[in-house]
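Enquirer: Would you mind keeping the following structure in view while I ask a few things?
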Amino acid sequence: MGNSTSKKVLTGAEIIWECLLQEKVSVVFGYPGGAILPAYDALTKYKDQIHHVLTRHEQGATHMADGYARASGKVGVAIATSGPGATNMITGLATAMMDSSPIVCITGQVSRSVIGSDAFQEIDISGIAMPITKHSYLIMDIRELASTIHEAFYVAKTGRPGPVLIDIPKDVQNESIEFVYPTSRIELPGYYLPQSPLENQVKSAVELIDDAKKPIIFAGHGVLLSGASSEIIELSEKSGVPIATTLLGIGSVPDSHPLVLGMMGMHGEAWVNRAIQEADLIIACGMRFDDRVTGNLKTYSPHSKKIHIDIDLSEFNKNVHVDLPVHCDVKIFLKALNPQIRENNHRSWLKSISIWQQDSHQRDIIKTGSTTLMGAQVIRKIWEGTKGDAIVVTDVGQHQMLEAQYFNHEKPRTLITSGGLGTMGFSLPAGIGASFYGSDKEVWIIVGDGSIQMTIMELATAVQEHVNINIAIINNGYLGMVRQWQQMFYDARYAETPISSPDYVKVSEAYGLSGQRVTHIDEILPAMKQAQHVNGPSLIEFVVEQHDMVYPMVPSGADLHQMIYRPYNNNSDILKQVKEEAVK
Amino acid sequence: MKQTLVVLVDDKPGILNRISSMFRRRNFNIESLVVGSSETPGISRMTIVANEPDSTKRGNIYFNLLNLVNVISVEDITSLPCINREYVLIKIHAGSGKWSSIGEVTKNNGARIVDMGKGSVIIEAAGEEKAITELIENLSQFNIKEIMRTGKIAMRIGVSQDSDNIVSESQEDAAHWAEKKIISYFNS
Ligand SMILES: Cc1ncc(C[n+]2csc(CCOP(=O)(O)OP(=O)(O)O)c2C)c(N)n1
């Protein structure tokens, strides 16, 4: 960098922005307040170099940083004041933690002399954040400010990425010191990043793969994070082993590839789950055997040996016993592995999988011919209307699972969704954040009527920032996914799941963006066209069937192969059947 | 079986919070945790005793500890030759009439009376956990009012070798080190 030749005496507040510049940060998402005022005041000097997005809630700022990080692969930055500003960041930190998303959150703190006195807007945020961050800092000495920020970025993005919080007291922001940005390697003894694959582990993996008759590869979020897409495809093509993805692994491999089977787990494809249950080898890459993926652990893939490649040592044998734990970056390990495996095609194994695949086509609700809109149809049309080439950001619920099922992703980082925490309210702010990445892809936010109302105020942010996003509200009048569980497991008693909505077209108008309502399937593509032509944010409300369900489904804790299929008969009126099921 | 871990940590504010928060979050059981300064300024040494019979779980604990940014090294000395010690203070309410019989039990157990005052006696002892527990049992015939145990501290016997507990500089060595640890917990 060599920037530290000229001696500069700066305030702590200025040092914050200087450090962000050194870390090549061009956009931050935040909200001002008393304890962070010095930093905001200093921002006026850096306005040309760093763009600040004023959010409408600090949760929004964290999700925006998260969405930006997931779209770009860079570290996202959020900033807030002490006390309530900091506590509003909790949900965003936890969301980023569960999904290994690299964000740095900077909070103001009350001055050092009053820390511990319950001063106005004092909260122990670095303490509160401990279990939901990769690491947190409270800076009590201005001499540690620059080095800590430098370290925070390093911790956030290296190894298994995650959120880092830096709490900076107001008087530290006001103090002055000579600014030197550390350029040397970061010394964190005990912070160990695996780099080199071990020859004996490569050999063991090769033996297992070459001997397997019914192998399957899992592509998780780690494949995206390590940028191992082409390596995992190479492994698959050379060995003839098919690939299943986790929810967060979607996009790490092209859906259209003949060896890519689709998503596994609770709402995964039935044939994928069946293949997992019958497999004799699992090659799990950068995933963590979440309960939404495994179902009942006791009966999970009982015949398979398991290779687990992960960068996080604490993931091995956390949920599932594995035979060969490989502590390595996925890309680095696959690079060493691929040249050594034998070419193969597993013809009969792939044949059986394709037979199961044909069996489960009955779930295909898009073939109903019904004129009432179905959520799945809307998703499929959005896929068509974008030619599949968009960054899709989803919220949490039925629409999220339908997106995973009906939108085919071909490229990495084109699906952004809150998988681990399942945070409703994530999509609008995360989508705004993603749009700042500046890719030429359209951003489509797919969100339920419940979820949009959790963070709807960020529409104002979208308008103020004039960001190019398309918001598709899938309005079914219910907290749909919860209603689905009530229909299935609570005898259709719909406790507190019917939810009203404002008139979204009027809401759009009031906020100052373009809004449309769609109720018929033929209107979808024209409405999309119109939205795509809008320069700036635009919103479409899709009024869909209220009682539709997401199938297939593995009930929570059930065996993975015991999926509940769509119960309807394709030859008669499906809509009628949907309605009858819902009130039974 | 109980798991004994010697942990080197940066002596930063909140480090105890970080360790205990991790144990609580992961639903691991801490039996005792002792922390004090080490031979190096700025670095503390802890002895943590966890109660997890399952080797896989013990591996999970080990690697979760290691994952904490302020944790420098973790050494699992559960089945290594080491010196284990605990210290205890015991207060008994007793008039002078009981002093000689208390003194006898104390002496037979290798403990010491450190205070005799108006109606109370304080006994101290240092030893292995088992010996301390025995001492308390033998004293239970008297009117024990307070027990203060420190929890276990432990130290490996022999010349210390950094290579076993600290991730070494060369990446190649580090990878082998990690593999060795993985095998020690998960391949038994
Ligand atoms: C913050 C938060 N609160 C509650 C939940 C529980 N929850 C999961 S899905 C869901 C319903 C979502 O409804 P909606 O956004 O309308 O989407 P739909 O399922 O109808 O597609 C709820 C309430 C959650 N995931 N997150």
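The values are calculated or read from the model by the stated rules, or taken from the named source; none is laboratory data. The shown structure was predicted, so the numbers you read here are calculated from the model rather than taken from an experiment. Ideal geometry is used to build each Cβ from the backbone, glycine not excepted, and the neighbour counts take in all protein chains shown. What goes into the accessible areas is simple: the full protein's heavy atoms, side chains included, and nothing from ligands, DNA or RNA. Shrake-Rupley method; radii C 1.70, N 1.55, O 1.52, S 1.80 Å.
Enquirer: For the residue pair A:Ser501 and A:Glu207, what label-to-label distance in nm results when each label sits 7 Å from Cα along the Cα-to-beta-carbon direction?
Expert: 5.8
Enquirer: Hey, how many Å between the Cα centroid of segment B:102-138 and the Cα centroid of segment A:485-543?
Expert: Between the Cα centre of segment B:102-138 and that of segment A:485-543, the gap is 75 Å.
Enquirer: While we're here: How high is the relative contact order of chain B, in percent, with contacts defined as C-alpha pairs under 8 Å that are six or more residues apart?
Expert: Working: 307 pairs, mean separation 46.8, N = 188.
Normalised by residue count, the contact order of chain B is 25 percent.
Enquirer: So which lysines can B:Lys130 reach, going by Cα to Cα under 22 Å and dropping same-chain residues fewer than 8 places off?
Expert: Qualifying lysines at Cα under 22 Å: B:Lys2, B:Lys91, B:Lys107, B:Lys145, B:Lys152.
Enquirer: Now, a different point. Taking chain B as a Gaussian network, Cα atoms linked when under 10 Å apart, which of B:Glu75, B:Glu129, B:Glu146 shows the biggest mean-square fluctuation?
Expert: Largest GNM mean-square fluctuation: B:Glu146.
Enquirer: Follow-up question, since we're still on this one. With the dipole of chain A worked out from charges on the C-beta (+1 for Lys and Arg, -1 for Asp and Glu) around the Cα centre, which of A:Ala86, A:Gly448, A:His52 lies farthest toward the positive end?
Expert: Most positive-ward Cα: A:Gly448.
Enquirer: Mind listing P(r) for segment A:199-359? All alpha-carbon pairs, 10 Å bins, whole percents.
Expert: Cα pair-distance distribution for segment A:199-359, in percent: 12, 47, 37, 5, 0.
Enquirer: Additional query: Residues of segment A:539-565 with amide nitrogen under 18 Å from the 7 Å Cα-to-Cβ point of A:His520?
Expert: A:541-545
Enquirer: Which whole-number percent gives the relative contact order of chain A, counting Cα pairs below 8 Å spaced six or more residues apart?
Expert: Details: 1294 pairs, mean separation 79.6, N = 584.
Relative contact order here is 14 percent.
Enquirer: I would also like to ask the following. Which number comes out as Rg/Rh for the protein assembly as shown once both Rg and the Kirkwood Rh are worked out on C-alpha atoms?
Expert: Details: Rg = 29.4 Å, Rh = 28.8 Å.
When Rh is taken as the Kirkwood radius, the ratio is 1.02.
Enquirer: Using a Förster distance of 45 Å, how high is the FRET efficiency between A:Lys351 and A:Thr158, based on the Cβ-Cβ distance and rounded to 0.05?
Expert: On the way: r = 43 Å, r/R0 = 0.95.
After rounding, the FRET efficiency stands at 0.55.
Enquirer: Here's a follow-up. What residue among B:Arg58, B:Arg18, B:Arg45 shows peak mean-square fluctuation when chain B is described by a Gaussian network model with Cα springs under 10 Å?
Expert: B:Arg18
Enquirer: Can I ask one more? Compute the FRET efficiency between A:Glu410 and A:Lys24 as 1/(1 + (r/R0)^6), taking r as their Cβ-Cβ distance and R0 = 41 Å, and round to the nearest 0.05. List each step's numbers first, then the result.
Expert: Values: r = 28 Å, r/R0 = 0.69.
Step by step, r from the Cβ atoms, then E = 0.90.
Enquirer: Could you give the alpha-carbon Rg of segment A:390-441 over 2.2 N^0.38 Å, rounded to two decimals? Please list the in-between numbers first.
Expert: Details: Rg = 10.8 Å, N = 52, 2.2 N^0.38 = 9.9 Å.
That ratio works out to 1.09.
Enquirer: Hey, what's the protein assembly as shown come to in accessible area per residue, 1.4 Å probe, Å²? Please list the in-between numbers first.
Expert: Working: 31790 Å² over 772 residues.
Per residue, the protein assembly as shown has 41 Å² of solvent-accessible surface.
Enquirer: 7 Å from Cα along Cα→Cβ at both A:Gln49 and A:Lys8: what's the point-to-point distance in nm?
Expert: Those two pseudo-labels are separated by 0.5 nm.
Enquirer: How charged is the neighbourhood of B:Asp10? Take every other residue with its Cβ under 14 Å from the Cβ of B:Asp10, and add Lys/Arg as +1 and Asp/Glu as -1.
Expert: Numbers: positive: B:Lys12, B:Arg18, B:Arg45; negative: A:Glu144, A:Glu151, A:Glu187, B:Asp11.
Once positives and negatives cancel, what remains is -1.
Enquirer: A further question follows. For the protein assembly as shown, what % of the accessible area comes from carbon and sulfur atoms, probe 1.4 Å? Intermediate results must be reported in sequence, preceding the final value.
Expert: Numbers: 16020 of 31790 Å².
Here it works out to 50 percent.
Enquirer: Let me ask something else about it. Tabulate in residue order the Karplus-calculated ³J(HN,Hα) for segment B:47-62, using 6.51 cos²θ - 1.76 cosθ + 1.60 with θ = phi - 60°, rounded to whole Hz; enter x for Gly and Pro.
Expert: Values per residue, Gly and Pro as x: 10, 10, 10, 10, 10, 10, x, 8, 4, 4, 4, 5, x, 4, 4, 4 Hz.
Enquirer: Near A:Ser314, within a Cβ-to-Cβ distance under 15 Å, what is the net charge of the other residues, with Lys and Arg +1 and Asp and Glu -1?
Expert: Working: positive: A:Lys134, A:Arg160, A:Arg288, A:Lys318, B:Arg18, B:Arg25, B:Arg26, B:Lys57, B:Arg58, B:Lys181; negative: A:Asp290, A:Asp310, A:Asp312, A:Glu315, B:Glu52, B:Asp76.
Residues near A:Ser314 contribute +4 overall.
Enquirer: Could you state, as a whole-number percent, how many of the C-alpha pairs of segment B:83-149 are farther apart than 13 Å?
Expert: Details: 1274 of 2211 pairs.
The share of Cα pairs beyond 13 Å in segment B:83-149 comes to 58 percent.
Enquirer: Probe radius 1.4 Å, ligands and nucleic acids left out: can you give me the accessible area buried at the A-B interface, summed over both chains, in Å² to the nearest hundred? Before the final figure, lay out the partial values.
Expert: Numbers: alone 22980 and 11320 Å², together 31790 Å².
Answer for the A-B pair: about 2500 Å² buried.
Enquirer: Using a cut-off of under 18 Å, list every residue of segment B:113-138 whose amide N is near the label point 7 Å from the Cα of B:Trp99 along the Cα-to-beta-carbon line.
Expert: B:113-124, by backbone N distance to the label point.
Enquirer: Over segment A:363-543, what is the mean sequence separation of C-alpha contacts under 8 Å (at least six apart), divided by residue count, expressed as relative contact order in percent? Walk me through the numbers before you get to the answer.
Expert: Numbers: 340 pairs, mean separation 41.4, N = 181.
Relative contact order for segment A:363-543 comes out at 23 percent.
Enquirer: Give the separation of the Cα centroids, segment B:1-66 to segment A:182-257, in Å.
Expert: For segment B:1-66 versus segment A:182-257, the Cα centre distance is 31 Å.
Enquirer: Each label point is 7 Å from the Cα along the Cα-to-Cβ direction; what then is the distance between the points at B:Asn143 and B:Asp54, in nm?
Expert: Result: 4.7 nm between the two label points.
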